[in-house]
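Q: Right, I'll just put the structure down here and ask away after.
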Amino acid sequence: MKNKSMKTYPIQKTEEEWLEQLGPEKYHVLRKKGTERPFTGEYNLHFEDGKYNCGACDAPLFQGDSKFESGCGWPSFDQSIDGAIEYVRDKTLGMIRTEILCANCGSHIGHVFDDGPTETGQRYCVNSVSVAFEK
Ligand SMILES: [Zn+2]
């Protein structure tokens, strides 16, 4: 039987170690697939040159120049850094969505939709607490 939680990532930690490292708020989003409330995140309206790394393991996920203002209330990107993201079909909440995970540690980053307004057509909808900006 296939169990995707059996997948191994380069970064391996126990749930107790993640909770200790991240604290309860980040842990809830990154490890328990939570969603921060819209329009509340630190990076929702943050536009600077730099990159956005995984909030759990610091792997680079998005370049600052792929970020755009989507109006949806969460940081949005029109593409990810090659190979940085794992895509998983998510059928929770009665919808079929594509969940995005950090390919390095398996942490939950957000979802990606194919209704983006830029030429990539992609809208990576990301929790601010799932990423850490670096200049
Ligand atoms: Zn990660």
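Q: Does Leu30 qualify as being touching a helix residue (DSSP H, G or I) at 6+ places or on another chain (Cβ under 8 Å), over 17 Å from Lys135 (Cα atoms) and touching a residue at least 60 places away in the same chain (Cβ under 8 Å)?
A: Considered against the rule, which asks whether it is touching a helix residue (DSSP H, G or I) at 6+ places or on another chain (Cβ under 8 Å), over 17 Å from Lys135 (Cα atoms) and touching a residue at least 60 places away in the same chain (Cβ under 8 Å), Leu30 comes out as yes.
Q: Looking at region 23-37 only, could you name the residues that are among the acidic types (Asp, Glu) and in a loop (DSSP other than H, G, I, E, B)?
A: Glu36
Q: Can I ask one more? Filtering region 78-115 down to residues that are in contact with a Gly (Cβ under 9 Å, 6 or more places away or on another chain) and open to solvent by less than 20 Å² (accessible area, probe 1.4 Å), which residue is farthest from Pro10 (Cα to Cα)?
A: That would be Glu99.
Q: Given the conditions (1) within 16 Å of the ligand (Cβ to nearest atom); (2) closer than 17 Å to Ile100 by Cβ; (3) surrounded by 16 or more Cβ atoms within 10 Å (Cβ to Cβ), report the number of the one that Lys67 does not fulfil.
A: Of (1) within 16 Å of the ligand (Cβ to nearest atom); (2) closer than 17 Å to Ile100 by Cβ; (3) surrounded by 16 or more Cβ atoms within 10 Å (Cβ to Cβ), only one is false for Lys67: (1).
Q: Let me ask something else about it. If you check every pair at least six apart or on different chains, which have Cβ atoms under 9 Å apart with a residue in region 115-135 that is closer than 19 Å to Tyr87 by Cβ first and a residue that is open to solvent by 30 Å² or more (accessible area, probe 1.4 Å) and part of a strand (DSSP E or B) second?
A: Final answer for the pair search is Asp115/Arg123; Gly116/Arg123; Gln122/Phe113; Arg123/Phe113; Tyr124/Phe113; Cys125/Phe113.
Q: If you don't mind, another one. Of the residues Phe47, Phe62, only one is under 15 Å from Asp78 (Cα atoms) and within 13 Å of the ligand (Cβ to nearest atom); which?
A: The conditions single out Phe62.
Q: Pick out the one residue from Thr40, Thr8 that is in a loop (DSSP other than H, G, I, E, B) and open to solvent by 100 Å² or more (accessible area, probe 1.4 Å).
A: Answer to the check: Thr8.
Let's see how each residue does on (1) within 11 Å of the chain's Cα centre (by Cα); (2) under 14 Å from Tyr124 (Cα atoms); (3) of a type in the set (S, T, N, Q):
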site: Asn44; (1), (2), (3): no, yes, yes
site: Phe47; (1), (2), (3): no, no, no
site: Tyr52; (1), (2), (3): yes, yes, no
site: Gly55; (1), (2), (3): yes, no, no
site: Ala59; (1), (2), (3): no, no, no
site: Ser80; (1), (2), (3): yes, yes, yes
site: Ala84; (1), (2), (3): yes, yes, no
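The values are calculated or read from the model by the stated rules, or taken from the named source; none is laboratory data. All values derive from a computational prediction rather than experimental measurement. All Cβ positions, glycine included, derive from the backbone under ideal geometry; neighbour counts span all protein chains shown. Heavy atoms of the whole protein, side chains included, go into the accessibility calculation; ligands, DNA and RNA do not. Shrake-Rupley method; radii C 1.70, N 1.55, O 1.52, S 1.80 Å.
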